[in-house]
Structure formats: C-alpha cells, structure tokens
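Note sheet for the following structure.
Bear in mind these aren't lab numbers, they're just calculated from the coordinates by the rules spelled out. It should be emphasised that the depicted structure is a prediction, and the values quoted were computed from it without experimental measurement. Positions of Cβ are generated from backbone atoms using ideal geometry, with glycine treated the same way; all protein chains shown enter the neighbour counts.
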Amino acid sequence: MNLSLGPLLYYWSRDDVLAFYEEAKTWPVARVYLGESVCSRRHLLRLPDWLALAEQLAAAGKDVVLSSQTLIESESDLKTLRRMVCDGRFRVEANEWGAVRLLSEAGAPFVAGHTLNIYNPETLDVLAGLGAERWLPPVEISRAALAAILASAPAGMETEVFAYGRLPLAYSARCFTARHYNLPKDDCQFRCLDHPDGLALSTREGEPFLTINGIQTQSAGVYTLIDELPALRELGVASLRLSPQSRHMGRVVEAFRAALAGEAGAADALARVMPGPAVDGYWHGRAGLEHRLERHA
C-alpha cells in the first residue's frame, strides 16, 4: 500500500497553501490530489495556480491528480471543470457525475471519488467501462461491505480508502459557516478562513457533534484506520488517503509511513497530533462516532 494526500478541504490563505505543498514535496506520499473540491467562492487559488502547483509536485516525483468540485452550481463552475478535463496533463478525480460524463467523452482515465456513492460492484463496473481506473468507497462504508464489493470488482481497478481526517459527510447548496455568522452565502465575507480545520459544532449538552466547513458537513471526530492496516492489506487496498489538516500534517504522514513499515509506536505518535478524538465506527459497521479501542477498554 502507498499513501495519498487528499485534496485540501478547508480554506486557507494563499501563502499557507503554497507553504503546505512546498513541505508536501518531501513527504513519503506517492500521490497528491489538488484543487478546490468544496466551494467555488474559495478562489485565492484558481485553476492556473493549482496547475502550476501540480507541475511543481510532479517534478518532485509525485503522482498528481486534480480533484473536481463536488457541487456544480453555476456556468463558471462548469467552465472550470471543462478546462480541468481538457488540460490533459493530469488525471482528474471525478466528484460528481457531470465530471464522469465529460471525462468519459474525452476518453480520459479518471479516479472515481467517494462522493459518487459507489455501493455495489455493478456501479463500479459501469464506472470502469466509462474510464475509471481507481475508486474511493463512500467514507461510511464498513469493512464487510467493502469486502463484498471487492469480491466482484472489475479487474485492474485500484481501491483507495479514506484513512485519516475528519469525514466529509454531506454537501449542501447552503453555506453553514455563513449561516453561523448570520451572513448570506453570496456575502459570506470568506469566514471559512477563520477556521482552518472547520468550525466545531456541539449538541445542547455540550457534546461534540459535527464540524461545519462552508457547504460541507464533517464529522466531529477524526477518522483513522492506522490500526486497521492488516485488514486493509488483506482486502487488497492499494492506497490510503490522508486528508490535510492545518498543523502537524507531516507528522501524520510519518506516523502512517511508520505503521506501514511495521514500526512500533506509530498509532501513539499519530494520536499526539490529531486535532480531535479518534473515530472508526463506520469501518466496524457501528455508529460513526465510536472508536474500537474505546469499546474494548
């Protein structure tokens, strides 16, 4: 198995984004996903900037993939998607079915993102026929459900699993961060910049509930499968996706590298730099906010 650095899900300053990917050049990740996949109003970097970053990371030996926007809401969004598909230099991760159609019509191999909601081998077979060469299961899939799909997966289809980060659970045309500040979406004042790892949401009892990230809803806890590497290997998973966080991401990558190498203490090293409590309930077919070690304590 190798490691992939997923697309940046948060809104950071331009300088912070450039510094992050400059550091990522040295990390032991085989693949880097680039682009704005959450909100088109986040435009401190535009497509030409992402393409320039892609060239730099490719020159550093990384396999670069451009991630498409998950919710296409305007003609300008569609125009950006078309430009991404037509550029041709880098593979594209399709995060909605319009991108699948454009990529298939262009005859371009692509990655089928987790937001395509692939829950059975028949859907995966359709996507393989359209040009998908790698796929990500939905983030809430269990080990048992994934095993059932992979038992009948198309030959040659690579599987990449979301293995670290706050789970991207849902998307909406409404911006929850703007609503939190009592602002309209079209005049959000880019408040997402104030929350580089999302805005924590609690229940009335004060318990962690969700994280809001613009139009995206995430888990409150940080999903991690660092203790599940033997099971992932057994299933034939090719790649583990690590979702960027604003601090200590290099140490996150190093912890997973160490775990893949069988080095002791990797899970403990990861726990020290996680920005929230660990969760892995979905993987075990349980409530998503649960964690295996807590259940067996």
Kirkwood-based Rg to Rh ratio, the chain, C-alpha trace: 0.94
Residues whose placed amide H lies under 5 Å from that of residue 67, excluding near-sequence neighbours: 34, 35, 93
Mean separation of Cα contacts under 8 Å (6+ apart) over length of the chain, as relative contact order %: 19
Partner lysines for residue 62 [C-alpha distance under 20 Å; skip if fewer than 8 residues away on the same chain]: 25
Sorted peptide list for 135-146, 79-90, criterion being average Cβ within 10 angstrom, highest first: 135-146, 79-90
Taking segment 1-145 and dividing mean pair separation by its residue count, relative contact order in percent (alpha carbons under 8 Å, at least six apart): 17
Potential lengthening between residue 82 and residue 194 on full extension [0.36 nm per residue; Cα-Cα distance subtracted]: 37.2 nm
Percent RCO, i.e. relative contact order, over segment 223-297, from Cα pairs under 8 Å lying at least 6 residues apart: 27
Cα-based convex hull volume of segment 64-116 per residue, rounded to whole Å³: 64
Computed [θ] at 222 nm, helices only, for the chain once each DSSP H run of length n ≥ 4 contributes -39500 (n - 2.57): -9500 deg cm²/dmol
Under 19 Å from residue 185, Cα to Cα: aspartates and glutamates that are on another chain or at least 8 residues apart: 36, 73, 75, 77, 194
Segment 84-221: C-alpha gyration tensor shape, a/c 1.5 cut-off, then a/b vs b/c: oblate
Segment 217-297: trypsin sites (Lys or Arg not before Pro) in DSSP loop, at most 13 other beta carbons within 10 Å: 247, 272
Cα-based convex hull, segment 141-297, per residue volume (Å³, whole number): 145
